[in-house]
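The values are calculated or read from the model by the stated rules, or taken from the named source; none is laboratory data. No experiment lies behind these values; they were computed from the predicted model shown. We place every Cβ from the backbone using ideal geometry, glycine too, and count neighbours over all the protein chains shown.
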Amino acid sequence: MPILTIESTCDETAAAVISETGDVLGDCIATQEALHEKFRGVVPEVAARAHLERILPVIDSALNQAGISHQQITAIAVADRPGLAGSLLVGLVAAKTLAIAWEKPLVAVNHLHAHLYACQIASDRNIYPCVGLVVSGGHTSLYHCEGPIELTYLGGTIDDAAGEAFDKVAAMLQLGFPGGPAVSELASRGNRKAFNFPRSLLKADNFDFSFSGLKTAVRYAIAGPGHQDFSKIEVQPQIKADLCASFETAAVDVLVQKSSIAVKKLQCSRLIVGGGVAANGYLREQLQKRSIADGFELIIAPLNLCTDNAVMGAIALEKIKRNEYASVDLDITPGLQRGF
Ligand code: KG4
Ligand code: ZN
């Protein structure tokens, strides 16, 4: 008996139908990239309105793909945290309304835990215990994962997330939104040592990250302090590539080093990595090298499950196994503080 999963934490409206054994029967994502591109970042109010228009057609489409009616659904899972408040609310209200109307139980999904669960979906055996790294547009966090939903937060960014830094660098270099793929593409043609950008908190005795200093260093390298209007700055194509390459190298260095320290400290033999930035080719390559050098197993989410999607909501099956249902009083938890 399948479940319906709903995801609307940021700027993708997504729904999936997943069988009790984890097979994906239906999967629909409506992306909002085009809507936010002119603002070079996600505008929360625009995102919430777009979710509102799309959520029901997206759910219908996932059910149609699966070829089932709502009567055959056994539970409705929804990402209730963390994310943009307006975006989360649309998914939550849709899920709660359908749960009441269709008389189905509700399951709450932590979006960050779901990003990591994408690694379990792609694996044919149990991947726990392990250390988990979530690198997305809104978060950069390390966890000790004793099970799929038994996660302990170890540390995370104290300012910008890794993906946010990619997006801001792309915005300063007029590379469009979302910036990660464009920065990564240019970086592959640049000199990784052209600029010596900072690697923050590497020596700190904790698992926190900071990317705002790196972002500011790129900003100063492009325009010097105080400059606001980047559209008026002409950067030579090779310098652009060098800036992207040096930035990407600094960001990836920190992610790889801190993750490998966590694996050692927690005496784990496995690292799992999820979230939009996990799609980054250089990060995947460097993590691979480090896993071989340090002798731990590495599982990175498959490319199609790195950025936001509803398939990773299959983590709800783990909650159902543990009889962990949510009540219809469930509210959103945007999670403005750290530690999710
Ligand atoms: O997980 P996600 O879809 O949304 C959040 O939960 O935040 O992550 C989106 C982020 C964006 O910042 C985007 O620029 C970044 O993932 N991203 C990448 C790549 N593909 C997406 N960053 C670096 N390299 C990529 N190839
Ligand atoms: Zn995400």
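So here's what we get for this one:
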quantity	calculated
Subset tally (residues that are more than 16 Å from ligand 2 (Cβ to nearest atom), buried (at least 21 other Cβ atoms within 10 Å of the Cβ) and more than 28 Å from Ser231 (Cα to Cα)) for region 1-56	9
Selection within region 95-107 - within 24 Å of the chain's Cα centre (by Cα) and outside any helix (DSSP H, G or I)	Leu106, Val107
Checking Val93 against (1) within 28 Å of Glu164 (Cα to Cα); (2) buried (at least 19 other Cβ atoms within 10 Å of the Cβ); (3) more than 16 Å from ligand 1 (Cβ to nearest atom), the condition it does not meet	(2)
Output for region 165-213, where each listed residue is surrounded by fewer than 23 Cβ atoms within 10 Å (Cβ to Cβ) and within 16 Å of ligand 2 (Cβ to nearest atom)	Phe177, Pro181
Verdict on Ala293 being more than 21 Å from Glu164 (Cα to Cα) and of a type in the set (Gly, Ala, Ser)	yes
Residue under evaluation Ser123, criteria (1) assigned to a helix (DSSP H, G or I); (2) surrounded by fewer than 24 Cβ atoms within 10 Å (Cβ to Cβ), criterion not met	(1)
Output for region 97-116, where each listed residue is closer than 19 Å to Thr333 by Cα and surrounded by fewer than 20 Cβ atoms within 10 Å (Cβ to Cβ)	Thr97
Residues satisfying the stated conditions in region 105-137, i.e. within 15 Å of Asn309 (Cβ to Cβ) and in contact with a Cys (Cβ under 9 Å, 6 or more places away or on another chain)	His111, His113, His115, Leu116, Ala118, Cys119, Ser136, Gly137
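Results for (1) in contact (Cβ under 8 Å) with a residue 12 or more places away in the chain; (2) within 16 Å of ligand 2 (Cβ to nearest atom); (3) on the phi < 0 side of the Ramachandran plot; (4) not assigned by TED's automatic domain parsing to the domain that holds Leu92, shown as yes or no for each residue.
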{"position": "Lys265", "(1), (2), (3), (4)": "no, no, yes, yes"}
{"position": "Arg270", "(1), (2), (3), (4)": "yes, no, yes, yes"}
{"position": "Gly274", "(1), (2), (3), (4)": "yes, yes, yes, yes"}
{"position": "Val277", "(1), (2), (3), (4)": "yes, yes, yes, yes"}
{"position": "Tyr282", "(1), (2), (3), (4)": "yes, no, yes, yes"}
{"position": "Gln286", "(1), (2), (3), (4)": "yes, no, yes, yes"}
{"position": "Lys289", "(1), (2), (3), (4)": "no, no, yes, yes"}
{"position": "Ile292", "(1), (2), (3), (4)": "no, no, yes, yes"}
{"position": "Gly313", "(1), (2), (3), (4)": "yes, yes, yes, no"}
